[in-house]
1. For the range 145-168, give me each residue that is touching a residue at least 60 places away in the same chain (Cβ under 8 Å) and either at positive phi or not aliphatic (A, V, I, L, M) (or both).
2. Checking V178 against (1) more than 26 Å from S77 (Cβ to Cβ); (2) more than 20 Å from the chain's Cα centre (by Cα); (3) among the β-branched types (V, I, T), which test does it fail?
3. Of the numbered conditions (1) under 21 Å from A210 (Cα atoms); (2) over 15 Å from the mean Cα position of the chain (by Cα); (3) part of a helix (DSSP H, G or I); (4) not hydrophobic (A, V, I, L, M, F, W, C), P112 satisfies every one except a single condition; which is it?
4. If I go through the range 30-70 residue by residue, how many of them are in contact with a Pro (Cβ under 6 Å, 6 or more places away or on another chain) and either in a loop (DSSP other than H, G, I, E, B) or buried (at least 23 other Cβ atoms within 10 Å of the Cβ) (or both)?
5. Is it the case that the range 316-327 has a residue that's buried (at least 18 other Cβ atoms within 10 Å of the Cβ), under 22 Å from L360 (Cα atoms) and more than 16 Å from the chain's Cα centre (by Cα)?
6. Identify, by number, the condition in (1) at negative phi; (2) surrounded by 24 or more Cβ atoms within 10 Å (Cβ to Cβ) that G106 doesn't meet.
7. In the range 182-199, what residues are out of contact with any helix residue (DSSP H, G or I) (no Cβ under 9 Å at 6 or more places or on another chain) and at pLDDT 95 or above?
8. Which residues, taken from the range 318-358, are closer than 13 Å to L288 by Cα and among the hydroxyl-bearing types (S, T, Y)?
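The values are calculated or read from the model by the stated rules, or taken from the named source; none is laboratory data. Every value quoted in this text rests on a predicted model; they were computed, and no experiment measured them. Note: ideal-geometry Cβ built from the backbone for every residue, glycine included; neighbour counts use all protein chains shown.
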Amino acid sequence: MTSIQSLEDVRDLARGAVLLGTGGGGDPYIGELFLSNQMERGRAVQVIPADALADDAFVVSIAGIGSPPVLLEHLVSEVTLTHLLARAEAYYGRRIDAIISAEIGGANAMFPLALAAISGTPVIDGDGIGRAMPHIEMTTFSIYGCKATPALLMDDLGNFVTIDAIDDRTAEDLCRSVTMSMGSIAFSAVYPMSGAQVKRCAVHRTLTHALEIGRCIRQARAGSDDVIGDLVTFLSGWDDRPARVLFDGKIIDVRHETRDGWHWGQAVLAPFGDGQDRFTVDIQNEFLVARLNGEIAAMVPDLITILDRETGEPLTAEMLAYGQRVKVVAYAADPMLRRPEALEVMGPRQFGFDFDYQPLEALAGRG
(Lines give C-alpha, C1' and ligand atoms only; values in the text may rest on other atoms or scores of the structure.)
Protein backbone atom coordinates (compact mmCIF):
# COMPACT_ATOMS: atom_id res chain seq x y z
CA MET A 1 0.00 0.00 0.00
CA THR A 2 1.29 3.47 -0.88
CA SER A 3 2.24 5.55 2.14
CA ILE A 4 2.66 9.32 1.97
CA GLN A 5 4.64 10.16 5.08
CA SER A 6 6.80 13.17 4.26
CA LEU A 7 6.93 16.40 2.32
CA GLU A 8 9.48 14.71 0.05
CA ASP A 9 6.84 12.08 -0.74
CA VAL A 10 4.42 14.88 -1.62
CA ARG A 11 6.94 16.47 -3.98
CA ASP A 12 7.72 13.11 -5.59
CA LEU A 13 4.04 12.33 -6.06
CA ALA A 14 3.30 15.73 -7.57
CA ARG A 15 6.21 15.35 -10.00
CA GLY A 16 5.04 11.90 -11.09
CA ALA A 17 1.45 13.11 -11.45
CA VAL A 18 2.61 15.80 -13.87
CA LEU A 19 4.29 13.18 -16.05
CA LEU A 20 1.20 10.96 -16.05
CA GLY A 21 -0.94 14.05 -16.63
CA THR A 22 0.64 14.54 -20.08
CA GLY A 23 0.60 18.31 -19.76
CA GLY A 24 -2.84 18.65 -18.18
CA GLY A 25 -4.58 18.34 -14.85
CA GLY A 26 -3.52 21.70 -13.44
CA ASP A 27 -0.29 23.10 -12.06
CA PRO A 28 1.31 20.57 -9.69
CA TYR A 29 2.82 23.23 -7.46
CA ILE A 30 -0.62 24.40 -6.33
CA GLY A 31 -1.71 20.89 -5.40
CA GLU A 32 1.66 20.19 -3.80
CA LEU A 33 1.44 23.28 -1.59
CA PHE A 34 -2.12 22.47 -0.63
CA LEU A 35 -1.34 18.91 0.41
CA SER A 36 1.94 19.88 2.10
CA ASN A 37 0.06 22.44 4.18
CA GLN A 38 -2.31 19.75 5.46
CA MET A 39 0.58 17.46 6.40
CA GLU A 40 2.44 20.26 8.15
CA ARG A 41 -0.65 20.68 10.30
CA GLY A 42 -0.38 17.04 11.36
CA ARG A 43 -3.09 15.67 9.11
CA ALA A 44 -2.39 12.21 7.71
CA VAL A 45 -3.41 10.82 4.33
CA GLN A 46 -4.88 7.32 4.29
CA VAL A 47 -4.36 5.66 0.91
CA ILE A 48 -6.01 2.27 0.40
CA PRO A 49 -6.10 -0.17 -2.52
CA ALA A 50 -9.44 -0.63 -4.26
CA ASP A 51 -9.49 -4.24 -3.11
CA ALA A 52 -9.83 -3.02 0.48
CA LEU A 53 -13.27 -1.56 -0.31
CA ALA A 54 -16.45 -3.41 0.54
CA ASP A 55 -18.50 -4.05 -2.59
CA ASP A 56 -21.31 -1.87 -1.21
CA ALA A 57 -18.99 1.01 -0.19
CA PHE A 58 -19.88 4.43 -1.58
CA VAL A 59 -17.16 6.26 -3.52
CA VAL A 60 -17.11 9.57 -5.41
CA SER A 61 -14.51 11.22 -7.58
CA ILE A 62 -13.29 14.71 -6.68
CA ALA A 63 -11.78 16.89 -9.40
CA GLY A 64 -11.24 20.40 -10.62
CA ILE A 65 -12.96 21.22 -13.91
CA GLY A 66 -11.95 24.01 -16.26
CA SER A 67 -8.93 25.67 -17.79
CA PRO A 68 -5.58 24.85 -16.07
CA PRO A 69 -4.14 28.37 -16.59
CA VAL A 70 -7.08 29.84 -14.68
CA LEU A 71 -6.23 27.63 -11.71
CA LEU A 72 -2.81 29.29 -11.55
CA GLU A 73 -4.53 32.56 -10.67
CA HIS A 74 -7.41 31.05 -8.72
CA LEU A 75 -5.57 28.62 -6.38
CA VAL A 76 -7.74 26.30 -4.24
CA SER A 77 -9.83 26.72 -1.14
CA GLU A 78 -9.91 24.27 1.78
CA VAL A 79 -13.34 25.66 2.65
CA THR A 80 -14.68 24.94 -0.84
CA LEU A 81 -13.48 21.33 -0.87
CA THR A 82 -14.79 20.70 2.65
CA HIS A 83 -18.17 22.16 1.79
CA LEU A 84 -18.25 20.17 -1.46
CA LEU A 85 -17.76 16.91 0.44
CA ALA A 86 -20.46 17.81 2.98
CA ARG A 87 -22.91 18.88 0.28
CA ALA A 88 -22.19 15.69 -1.65
CA GLU A 89 -23.02 13.51 1.34
CA ALA A 90 -26.22 15.48 1.90
CA TYR A 91 -27.17 15.29 -1.77
CA TYR A 92 -26.45 11.57 -2.23
CA GLY A 93 -28.03 10.81 1.14
CA ARG A 94 -25.22 8.64 2.50
CA ARG A 95 -21.76 8.78 3.96
CA ILE A 96 -18.89 8.79 1.45
CA ASP A 97 -16.64 5.87 2.38
CA ALA A 98 -13.74 6.80 0.09
CA ILE A 99 -12.77 9.26 -2.63
CA ILE A 100 -10.85 8.65 -5.83
CA SER A 101 -9.13 10.87 -8.38
CA ALA A 102 -10.93 11.29 -11.68
CA GLU A 103 -7.51 11.56 -13.32
CA ILE A 104 -3.95 11.15 -12.12
CA GLY A 105 -2.77 14.44 -13.62
CA GLY A 106 -1.12 17.44 -11.99
CA ALA A 107 -3.25 19.17 -9.37
CA ASN A 108 -6.16 16.79 -9.92
CA ALA A 109 -4.11 14.00 -8.38
CA MET A 110 -3.42 16.15 -5.32
CA PHE A 111 -6.85 17.59 -4.49
CA PRO A 112 -8.39 14.26 -3.38
CA LEU A 113 -5.33 13.57 -1.22
CA ALA A 114 -5.62 16.95 0.46
CA LEU A 115 -9.34 16.47 1.01
CA ALA A 116 -8.60 13.02 2.45
CA ALA A 117 -6.19 14.63 4.92
CA ILE A 118 -8.72 17.30 5.87
CA SER A 119 -11.71 14.99 6.26
CA GLY A 120 -10.14 11.68 7.30
CA THR A 121 -11.83 10.00 4.34
CA PRO A 122 -9.60 7.37 2.69
CA VAL A 123 -8.43 7.91 -0.88
CA ILE A 124 -8.17 5.04 -3.37
CA ASP A 125 -4.84 4.12 -4.98
CA GLY A 126 -6.19 4.50 -8.50
CA ASP A 127 -8.07 6.83 -10.83
CA GLY A 128 -10.31 6.85 -13.86
CA ILE A 129 -7.78 7.21 -16.69
CA GLY A 130 -4.18 6.52 -15.70
CA ARG A 131 -3.34 9.92 -17.20
CA ALA A 132 -5.30 13.17 -17.74
CA MET A 133 -8.00 13.87 -20.34
CA PRO A 134 -9.93 17.07 -21.08
CA HIS A 135 -13.47 15.61 -21.10
CA ILE A 136 -15.49 14.18 -18.21
CA GLU A 137 -16.69 11.18 -20.22
CA MET A 138 -13.13 10.21 -21.14
CA THR A 139 -12.64 7.87 -18.20
CA THR A 140 -12.55 4.14 -17.67
CA PHE A 141 -15.35 4.74 -15.16
CA SER A 142 -17.65 5.88 -17.95
CA ILE A 143 -16.39 3.47 -20.61
CA TYR A 144 -16.90 0.44 -18.40
CA GLY A 145 -20.34 1.22 -17.07
CA CYS A 146 -20.42 3.97 -14.40
CA LYS A 147 -22.31 7.24 -14.90
CA ALA A 148 -20.69 10.60 -14.21
CA THR A 149 -23.95 12.00 -12.86
CA PRO A 150 -25.70 12.92 -10.64
CA ALA A 151 -22.79 15.34 -10.26
CA LEU A 152 -22.18 18.40 -8.13
CA LEU A 153 -20.21 21.54 -9.04
CA MET A 154 -19.18 24.28 -6.62
CA ASP A 155 -17.10 27.45 -6.76
CA ASP A 156 -15.41 29.51 -4.08
CA LEU A 157 -18.31 31.94 -3.90
CA GLY A 158 -20.59 29.15 -2.73
CA ASN A 159 -22.49 28.69 -5.97
CA PHE A 160 -23.66 25.09 -6.11
CA VAL A 161 -25.07 23.28 -9.12
CA THR A 162 -26.32 19.71 -9.51
CA ILE A 163 -26.35 18.01 -12.90
CA ASP A 164 -28.14 14.81 -13.89
CA ALA A 165 -27.55 14.11 -17.57
CA ILE A 166 -28.86 11.46 -19.96
CA ASP A 167 -25.31 10.40 -20.81
CA ASP A 168 -21.76 11.35 -19.92
CA ARG A 169 -21.06 13.25 -23.13
CA THR A 170 -24.02 15.50 -22.32
CA ALA A 171 -22.72 15.75 -18.77
CA GLU A 172 -19.43 17.08 -20.17
CA ASP A 173 -21.23 19.77 -22.17
CA LEU A 174 -23.37 20.82 -19.22
CA CYS A 175 -20.50 20.83 -16.72
CA ARG A 176 -18.33 22.80 -19.16
CA SER A 177 -21.03 25.44 -19.62
CA VAL A 178 -21.59 25.78 -15.89
CA THR A 179 -17.86 25.96 -15.24
CA MET A 180 -17.43 28.77 -17.77
CA SER A 181 -20.16 30.69 -15.92
CA MET A 182 -18.21 30.14 -12.71
CA GLY A 183 -15.12 31.83 -14.15
CA SER A 184 -13.70 28.79 -15.98
CA ILE A 185 -12.84 26.86 -12.81
CA ALA A 186 -15.01 24.78 -10.47
CA PHE A 187 -14.66 21.78 -8.19
CA SER A 188 -16.80 18.73 -8.68
CA ALA A 189 -18.03 15.53 -7.11
CA VAL A 190 -18.68 13.15 -10.00
CA TYR A 191 -19.00 9.44 -10.68
CA PRO A 192 -20.86 8.18 -7.59
CA MET A 193 -19.88 4.49 -7.53
CA SER A 194 -20.00 1.37 -5.43
CA GLY A 195 -16.87 -0.36 -4.21
CA ALA A 196 -17.54 -3.16 -6.69
CA GLN A 197 -17.68 -0.67 -9.57
CA VAL A 198 -14.40 0.94 -8.52
CA LYS A 199 -12.68 -2.44 -8.44
CA ARG A 200 -13.94 -3.24 -11.93
CA CYS A 201 -13.61 0.12 -13.68
CA ALA A 202 -10.67 2.02 -12.16
CA VAL A 203 -7.07 2.08 -13.35
CA HIS A 204 -5.34 0.69 -10.29
CA ARG A 205 -2.20 1.69 -8.35
CA THR A 206 -1.75 5.01 -10.15
CA LEU A 207 -0.92 6.96 -6.97
CA THR A 208 1.81 4.39 -6.34
CA HIS A 209 2.98 4.78 -9.94
CA ALA A 210 3.09 8.59 -9.69
CA LEU A 211 5.01 8.43 -6.39
CA GLU A 212 7.57 6.00 -7.79
CA ILE A 213 8.02 8.04 -10.99
CA GLY A 214 8.75 11.17 -8.96
CA ARG A 215 11.11 9.24 -6.71
CA CYS A 216 12.92 7.79 -9.75
CA ILE A 217 13.52 11.27 -11.18
CA ARG A 218 14.76 12.64 -7.83
CA GLN A 219 17.14 9.76 -7.25
CA ALA A 220 18.43 9.87 -10.84
CA ARG A 221 19.26 13.57 -10.42
CA ALA A 222 21.43 12.69 -7.44
CA GLY A 223 23.32 9.78 -8.95
CA SER A 224 23.04 9.58 -12.74
CA ASP A 225 24.41 11.31 -15.79
CA ASP A 226 21.24 10.48 -17.75
CA VAL A 227 18.14 11.34 -15.72
CA ILE A 228 15.69 10.85 -18.55
CA GLY A 229 17.39 7.64 -19.69
CA ASP A 230 16.94 6.22 -16.19
CA LEU A 231 13.32 7.38 -16.21
CA VAL A 232 12.55 5.70 -19.54
CA THR A 233 14.06 2.47 -18.25
CA PHE A 234 11.88 2.68 -15.14
CA LEU A 235 8.71 3.41 -17.12
CA SER A 236 9.34 0.54 -19.52
CA GLY A 237 9.54 -1.84 -16.60
CA TRP A 238 6.11 -0.89 -15.22
CA ASP A 239 3.58 -3.49 -16.44
CA ASP A 240 5.62 -3.97 -19.63
CA ARG A 241 4.45 -0.64 -21.06
CA PRO A 242 7.06 0.66 -23.51
CA ALA A 243 8.47 4.18 -23.26
CA ARG A 244 10.89 6.04 -25.51
CA VAL A 245 12.46 9.43 -26.08
CA LEU A 246 10.90 10.97 -29.19
CA PHE A 247 12.90 14.19 -29.51
CA ASP A 248 15.71 16.15 -27.89
CA GLY A 249 15.86 19.87 -28.60
CA LYS A 250 14.60 23.35 -27.80
CA ILE A 251 11.23 25.05 -28.05
CA ILE A 252 11.32 27.60 -30.87
CA ASP A 253 7.63 28.53 -30.87
CA VAL A 254 4.67 27.93 -28.57
CA ARG A 255 1.06 29.07 -28.77
CA HIS A 256 -1.30 29.26 -25.79
CA GLU A 257 -5.01 30.08 -25.94
CA THR A 258 -7.86 29.68 -23.44
CA ARG A 259 -11.03 28.95 -25.38
CA ASP A 260 -14.34 27.24 -24.52
CA GLY A 261 -13.00 26.41 -21.07
CA TRP A 262 -9.91 24.60 -22.38
CA HIS A 263 -6.26 25.40 -22.88
CA TRP A 264 -5.44 25.05 -26.60
CA GLY A 265 -2.04 25.35 -28.19
CA GLN A 266 0.90 23.91 -30.05
CA ALA A 267 4.61 23.68 -29.27
CA VAL A 268 7.25 23.60 -32.02
CA LEU A 269 10.70 22.17 -31.27
CA ALA A 270 13.96 22.17 -33.21
CA PRO A 271 17.18 20.20 -32.66
CA PHE A 272 20.29 21.81 -31.29
CA GLY A 273 22.72 23.12 -33.91
CA ASP A 274 21.74 23.58 -37.53
CA GLY A 275 19.40 20.62 -37.98
CA GLN A 276 16.25 21.26 -40.01
CA ASP A 277 13.95 18.77 -38.24
CA ARG A 278 10.79 20.14 -36.66
CA PHE A 279 8.87 18.43 -33.91
CA THR A 280 5.35 19.58 -32.97
CA VAL A 281 3.02 18.77 -30.08
CA ASP A 282 -0.70 19.61 -30.28
CA ILE A 283 -2.41 20.63 -27.04
CA GLN A 284 -5.97 20.55 -25.72
CA ASN A 285 -5.28 20.79 -21.99
CA GLU A 286 -3.09 17.69 -22.53
CA PHE A 287 -0.45 16.79 -25.12
CA LEU A 288 -2.44 14.88 -27.72
CA VAL A 289 -0.37 14.27 -30.85
CA ALA A 290 3.38 14.51 -31.49
CA ARG A 291 4.83 14.75 -35.01
CA LEU A 292 8.35 14.69 -36.40
CA ASN A 293 8.50 16.58 -39.72
CA GLY A 294 4.76 16.01 -40.11
CA GLU A 295 4.92 12.27 -39.45
CA ILE A 296 3.06 11.11 -36.35
CA ALA A 297 5.38 9.87 -33.60
CA ALA A 298 2.84 9.34 -30.80
CA MET A 299 -0.86 9.94 -30.22
CA VAL A 300 -3.58 9.92 -27.59
CA PRO A 301 -4.39 7.86 -25.55
CA ASP A 302 -0.69 6.96 -25.27
CA LEU A 303 1.06 9.44 -23.01
CA ILE A 304 3.20 12.26 -24.37
CA THR A 305 5.23 14.21 -21.83
CA ILE A 306 7.74 17.05 -22.13
CA LEU A 307 10.58 17.22 -19.61
CA ASP A 308 13.42 19.60 -18.83
CA ARG A 309 16.36 17.86 -20.50
CA GLU A 310 18.75 18.47 -17.60
CA THR A 311 16.64 17.86 -14.50
CA GLY A 312 13.97 15.54 -15.90
CA GLU A 313 11.26 17.78 -14.42
CA PRO A 314 7.96 17.13 -16.25
CA LEU A 315 6.27 20.26 -17.60
CA THR A 316 2.59 21.07 -17.87
CA ALA A 317 1.33 22.57 -21.11
CA GLU A 318 1.00 26.05 -19.64
CA MET A 319 4.64 25.93 -18.46
CA LEU A 320 6.01 25.64 -22.00
CA ALA A 321 7.92 28.71 -23.16
CA TYR A 322 10.24 29.80 -25.95
CA GLY A 323 13.84 28.68 -25.54
CA GLN A 324 13.30 25.83 -23.11
CA ARG A 325 15.66 22.87 -23.60
CA VAL A 326 13.56 19.73 -23.38
CA LYS A 327 13.13 16.10 -24.24
CA VAL A 328 9.82 14.63 -25.37
CA VAL A 329 9.00 11.17 -24.05
CA ALA A 330 6.16 8.89 -25.11
CA TYR A 331 4.76 6.18 -22.84
CA ALA A 332 2.25 3.48 -23.70
CA ALA A 333 -1.16 3.96 -22.08
CA ASP A 334 -2.61 1.49 -19.62
CA PRO A 335 -4.04 -1.49 -21.54
CA MET A 336 -7.58 -0.50 -20.49
CA LEU A 337 -7.26 2.64 -22.63
CA ARG A 338 -6.13 0.74 -25.72
CA ARG A 339 -9.19 -1.47 -26.03
CA PRO A 340 -11.61 -0.76 -28.92
CA GLU A 341 -14.38 0.46 -26.61
CA ALA A 342 -11.97 2.94 -24.99
CA LEU A 343 -10.62 4.23 -28.31
CA GLU A 344 -14.19 5.06 -29.37
CA VAL A 345 -14.24 7.57 -26.50
CA MET A 346 -10.64 8.81 -26.19
CA GLY A 347 -8.97 7.98 -29.49
CA PRO A 348 -7.60 10.72 -31.77
CA ARG A 349 -10.81 11.07 -33.79
CA GLN A 350 -12.63 12.21 -30.66
CA PHE A 351 -10.37 15.29 -30.65
CA GLY A 352 -11.01 16.14 -34.30
CA PHE A 353 -7.99 14.41 -35.81
CA ASP A 354 -8.58 12.63 -39.11
CA PHE A 355 -6.78 9.38 -38.34
CA ASP A 356 -7.21 6.27 -36.25
CA TYR A 357 -5.16 5.28 -33.26
CA GLN A 358 -1.86 3.55 -33.77
CA PRO A 359 0.08 2.35 -30.72
CA LEU A 360 3.42 3.86 -29.85
CA GLU A 361 5.19 0.63 -30.77
CA ALA A 362 3.97 0.89 -34.36
CA LEU A 363 5.13 4.47 -34.89
CA ALA A 364 8.58 5.80 -35.70
CA GLY A 365 10.23 7.92 -33.02
CA ARG A 366 13.53 9.67 -32.67
CA GLY A 367 15.83 9.36 -29.70
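1. Residues satisfying the conditions are D155, D156, G158, F160, T162.
2. Single failed check for V178: (1).
3. P112 satisfies every listed condition except (2).
4. So the answer is 3.
5. Within the range 316-327, one or more residues are buried (at least 18 other Cβ atoms within 10 Å of the Cβ), under 22 Å from L360 (Cα atoms) and more than 16 Å from the chain's Cα centre (by Cα).
6. (1)
7. Listed by number, the residues that qualify are S194, A196.
8. Within the range 318-358, Y331, Y357 qualify.
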